[in-house]
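The values are calculated or read from the model by the stated rules, or taken from the named source; none is laboratory data. Everything numeric here is computed off the predicted structure, so don't read it as measured data. So basically every Cβ, Gly included, is an ideal-geometry build from the backbone, and we count neighbours across all protein chains shown. We work out accessible area using only protein heavy atoms, side chains counted, and drop any ligands, DNA or RNA first. Shrake-Rupley method; radii C 1.70, N 1.55, O 1.52, S 1.80 Å.
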Amino acid sequence: SQKIEQNSEALNIQEGKTATLTCNYTNYSPAYLQWYRQDPGRGPVFLLLIRENEKEKRKERLKVTFDTTLKQSLFHITASQPADSATYLCALPPGNAGNMLTFGGGTRLMVKP
Amino acid sequence: DAGVTQSPTHLIKTRGQQVTLRCSPKSGHDTVSWYQQALGQGPQFIFQYYEEEERQRGNFPDRFSGHQFPNYSSELNVNALLLGDSALYLCASSEQGFRGYTFGSGTRLTVV
């Protein structure tokens, strides 16, 4: 069955450092992968989409890589700020047709000043 | 431009009761998906509606049903509530040429 794994342990880093979050998946060949940010008690917010033929994508301080051989995506936040503290979710479409998404469990990022 | 609107924001129900949650999608979006999110977990897909029909369904029992109206708004109904149904219920809207969901802030359902 399809499975998405994100580190369930919180990631604690110092302000100004680069945060790197990992998303691993099995039994998938997704056409794309997405990352979302979720603050407590709020719905997820879409951040980035990366397609299977793209190795890397950037948006301001965010960078996402997508390695279809390793079945892994890395999500980087450079020059991190306390305001970046949130839970980050990766999401992939299922193998069948349709635009529904399957989400990982999320990784909580805590950026300390 | 209003995003996705969900109501109510919080709800407390008794085990065995029925509940209806409502969602208005973002303007220009025609597809509505519902997710259940337990505390500390990622959202779990319940079902998706497009053109007033259920297009896809996740691994949820028939107690979970939905509806989409001609104006694209949607309802999620849960019958015979169980304690385990306590969760944050998220509505997400999207459009054809899907590039990501827009989520509402959710309805926090507590079953006692």
Long-range tail of P(r) for region A:25-89 (Cα pairs > 15 Å, %): 53
Cβ-placed point charges (K, R +1; D, E -1), dipole of region B:5-111 about Cα centre in debye, nearest 20: 420
Residue among A:103, A:75, A:46 with the largest mean-square fluctuation in a Gaussian network model of chain A, springs linking Cα atoms under 10 Å: A:46
GNM result for chain B, Cα springs below 10 Å: residue of B:16, B:97, B:42 fluctuating most strongly: B:97
Eligible aspartates and glutamates near residue A:112 by straight Cα distance, threshold 20 Å, same-chain separation 8 or greater: A:9, A:15, A:39, A:84
Carbon plus sulfur fraction of accessible area for the protein assembly as shown, probe 1.4 Å, in percent: 47
Computed accessible area, residue B:53, all protein chains, 1.4 angstrom probe, square angstrom: 120
Chain B: most fluctuating residue of B:44, B:96, B:18 per GNM, C-alpha cutoff 10 Å: B:96
Å² of accessible area per residue within the protein assembly as shown, as computed with a 1.4 Å probe and no ligands counted: 49
Equivalent ellipsoid dimensions for chain B as semi-axes, Å, which come from the Cα gyration tensor, largest first: 23, 14, 13
Rounded D (µm²/s) - the protein assembly as shown, Kirkwood Rh over Cα pairs, Stokes-Einstein at 4 °C, 1.567 mPa s: 72
Positive-pole candidate from B:36, B:10, B:97, dipole of chain B, charges at beta carbon: B:10
Descending Cα extents along the principal axes, chain A, whole Å: 44, 29, 20
A/B buried area, accessible surface, summed, 1.4 Å probe, Å²: 1600
Dipole of chain A [Lys/Arg +1, Asp/Glu -1 at C-beta], most positive-end residue of A:35, A:7, A:47: A:47
The protein assembly as shown, dipole about Cα centre (Lys/Arg Cβ +1, Asp/Glu Cβ -1), debye to the nearest 20: 560
